[in-house]
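Below is one structure, written out as structure tokens; the observations come after it.
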Amino acid sequence: MTTYAIGDIQGCYSALRRLLDKINFQPVQDKLWFMGDLVNRGPESLETLRFIRSLGNDAVTILGNHDLHLLAVAEGLRETKTKDSLEHILNAPDRPELLFWLRQQKLIHVDETLRFTAVHAGIYPSWNLTDALAYAAEVETILRSDSYHELLPHLYGNEPTIWDESLTGWDRLRFIVNAFTRMRYLTNNLSLNFSCKKPLSEAPADLVPWFHFPLKALEESRIIFGHWSALQGKTDVANVYAIDTGYVWGYELTALALESGQRISIPAPPLA
């Protein structure tokens, strides 16, 4: 058995199938971890959702910011953006089943045997694994309930930027979601900053990638994340693994075999 973590697919279903062929994925025998952003921007978001849902227990799915965006758009709470490619899902006959399934997925997955923790964007530096799981559960419980539509419109916005355990209500839940699904850089006082998406070599001097801080969660587990394609699958911190290699931007789709550390990628066709 091999467990493969796969970077952001973003609606590139054909690429996913080519990657699974290359790694010789064997259902039941192997397991797949999808690191979020299953949908949007690529042309095959509907096919991607249908396939991953069909994998059942052979897959673990983490929610990314594009996945949450789909849920909000489907509820009429957000407008589609120019680069969105969600219309096939929104018009599909199995739309209710697909969106219900999506709402049941996780913000974080911890495997104590493999000593790997999967998230879409990252884990806030001051959170240990117990904290992170508990905070994620606060959001996941509402997403999975009949009250999910009350949560979705409050997830948008950049405030608050600093975690405080005394945060309550929508501010608390918004911070939790932003940390798990949008975080890249922070300031030195652990304030989330969403203005910069550049690689580390091009970042302003006052911004620090989240994984450069002492990470409480890293004391208990290795961390793997997607979201940040500009890193091209590389960090400079031991036991912190980036897996989004920007297929939708013309680069690669990557799988990491968690047991062995082997990386397997397929290239994207040149962008037109």
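Odds and ends about this structure:
- Candidates 46, 77 - the one that is over 22 Å from residue 229 (Cβ atoms), of a type in the set (A, V, I, L, M, F, W, C) and surrounded by 21 or more Cβ atoms within 10 Å (Cβ to Cβ): 46
- Residues of segment 125-170 that turn out to be in contact (Cβ under 8 Å) with a residue 40 or more places away in the chain and closer than 24 Å to residue 187 by Cα, as a count: 11
- Residue 256 meets all of the listed conditions (1) within 17 Å of residue 132 (Cβ to Cβ); (2) touching a strand residue (DSSP E or B) at 6+ places or on another chain (Cβ under 7 Å); (3) of a type in the set (A, V, I, L, M) but one, namely (1).
- Residue 226 being of a type outside the set (Val, Ile, Thr) and on the phi > 0 side of the Ramachandran plot: no
- Enumeration of residues in segment 163-211 that are of a type in the set (A, V, I, L, M), assigned to a loop (DSSP other than H, G, I, E, B) and either within 19 Å of the chain's Cα centre (by Cα) or surrounded by 15 or more Cβ atoms within 10 Å (Cβ to Cβ) (or both): 167, 183, 190, 203, 207
- The lone exception for residue 142 - which of (1) over 20 Å from residue 224 (Cβ atoms); (2) within 17 Å of the chain's Cα centre (by Cα); (3) not acidic (Asp, Glu) it fails: (2)
- Scanning segment 72-93 for residues that are over 17 Å from residue 48 (Cβ atoms) and either in contact (Cβ under 8 Å) with a residue 40 or more places away in the chain or of a type in the set (Lys, Arg) (or both) yields a total of 5.
- Evaluation of residue 5 against (1) within 25 Å of residue 122 (Cα to Cα); (2) not in a strand (DSSP E or B) (one fails), failing number: (2)
- Condition broken by residue 21, with the remaining ones in (1) in contact with a helix residue (DSSP H, G or I) (Cβ under 9 Å, 6 or more places away or on another chain); (2) surrounded by fewer than 24 Cβ atoms within 10 Å (Cβ to Cβ); (3) assigned to a helix (DSSP H, G or I) satisfied: (1)
- Filtered residues of segment 81-106 (kept if in contact with a Gly (Cβ under 9 Å, 6 or more places away or on another chain) and small (Gly, Ala, Ser)): 85
Taken together, the values in this text are just the output of simple stated rules run on the coordinates, not laboratory data. Keep in mind the model is a prediction, meaning the values are calculated, not measured. Virtual Cβ from ideal backbone geometry, glycine too; neighbours counted across all protein chains shown.
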